[in-house]
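To start, the structure itself, in structure tokens.
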Amino acid sequence: MHRSKQYLIDDLSMHESWRLFKIMSEIVDGFETLSDIGPAVSVFGSARTLAGTPLYAQAEDLARQLTKAGFSVITGGGPGLMEAANKGCFEAGGESVGLHIHLPLEQKFNSYLNVRCDFRYFFVRKLVFIKYALAYVALPGGFGTLDEVSEALVLIQTKRIKPFPIILMGSEHWQGLAEWFKSRMVANGFCRQEDLDLFLITDSGEEAVAHIKKHVIV
């Protein structure tokens with residue numbers, strides 16, 4: 001092998017090895033930062049929802065109810081519905097947590113955080129979300145919200161983690177996806193009918209909180 005090519009391979013190998021240390025440091029930092037938080041619910045939703053909209057107000061109200069029920073609230077720490085949930089928790093006197101990811105867009109963290117942890121790697125952040133949440137609530141959102149929900153559903157379905165409540169808030173947004181699961185995935189044998197019981201679709205914050213309390217001891 002040509003010497004310059006060998007040097008290139010060696011440089012890449014060294015670069016990848018150092019990346020492993022960065023990943024490990026993010027995991028350690030996440031675990032240490034969140035190790036003392038109380039029972040928590042992770043809330044997901046679009047970063048693009050504006051303050052003053054009904055959906056933003058719904059996220060605020062949901063977080064206030066979760067806080068009054070004794071839960072900390074964990075979000076991605078960014079704008080939109082993440083900000084709304086953090087704001088509702090923060091203003092209700094709760095423990096408001098933001099797991100902030102560095103992105104080219106929508107990367108600014110919101111100002112309603114008691115606890116903040118910063119991440120470069122999505123998969124490390126998802127690990128921390130799973131480890132410290134007793135339940136997930138997903139408000140309307142895009143690919144990021146779908147990613148978090150899908151991760152939890154797969155881990156519960158395959159028994160990699162203990163089952164916990166997953167609530168999809170907003171029937172208009174989520175019902176079509178649930179119907180697709182049934183007509184395509186269940187009908188074709190790609191998952192079981194009972195797998196659809198892994199999540200609850202609701203428009204009610206009260207029902208969401210009651211569902212969590214039914215399955216979680218605070």
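Derivation of every value follows stated rules applied to the coordinates shown; laboratory data play no part. What you are looking at is a predicted structure, and each value in this text was computed from that prediction instead of being measured. Note that we place each Cβ from the backbone using ideal geometry, even for glycine, and neighbour counts take in every protein chain shown.
Near Ile167, the amide H atoms lying under 5 Å from its own belong to Tyr136, Val137, Ala138, Leu200; only residues 5 or more places off or on other chains count, and H is placed 1.01 Å from N.
In terms of surrounding Cβ atoms within a 10 Å radius of their Cβ, Tyr121, Tyr56, Tyr136 rank from fewest to most as Tyr121, Tyr56, Tyr136. Database remark: amide H of Asn110 closer than 5 angstrom to the amide H of Gly78 (H placed geometrically; neighbours at sequence offset of 5 or more, or on other chains; Pro and chain starts carry no H). One equal scatterer on each Cα of the range 46-139, no solvent, Debye formula: the resulting log10 I(q)/I(0) at q = 0.23, 0.25 Å⁻¹ is -1.18, -1.36. Per-residue Karplus couplings for the range 23-36, computed as 6.51 cos²θ - 1.76 cosθ + 1.60 with θ equal to phi - 60°, are listed in order as 5, 4, 5, 5, 5, 4, 4, x, 5, 5, 5, 9, 5, 9 Hz, Gly and Pro entered as x. Restricting attention to the chain, close to 0% of DSSP beta bridges with both partner residues there are antiparallel. For the chain, the longest principal axis of the C-alpha atoms and the axis of helix 205-215 are separated by about 70°. Applied to the range 89-95, the Karplus parametrisation 6.51 cos²θ - 1.76 cosθ + 1.60 on θ = phi - 60° returns per-residue 3J(HN,Hα) values of 5, 4, 6, 8, x, x, 8 Hz, with x for Gly and Pro.
Within the straight-line cut-off of under 27 Å between alpha carbons, the lysines reachable from Lys22 are Lys5, Lys108, Lys126, Lys131, sequence neighbours fewer than 8 places apart in one chain being disregarded. Taken over the chain, the alpha-carbon convex hull comes to 150 cubic angstrom per residue.
Would any residue of the range 24-53 have its amide N under 17 Å from a label point 7 Å out along Cα→Cβ of Leu200? List them or say none. Zone members listed by number: 40-44.
Only helices enter the 222 nm calculation for the chain: every DSSP H run of n ≥ 4 contributes -39,500 (n - 2.57), and dividing by all residues gives -16000 deg cm²/dmol, rounded to 500. Against the main long axis of the alpha-carbon atoms of the chain, helix 54-68 sits at an angle near 90°. Helix 171-180 and the longest principal axis of the C-alpha atoms of the chain enclose an angle of approximately 70°. Sequence-ordered 3J(HN,Hα) estimates for the range 135-148 from the Karplus curve with 6.51, -1.76 and 1.60 and θ = phi - 60° stand at 6, 10, 10, 10, 7, x, x, x, 4, x, 5, 4, 4, 5 Hz, glycine and proline given as x.
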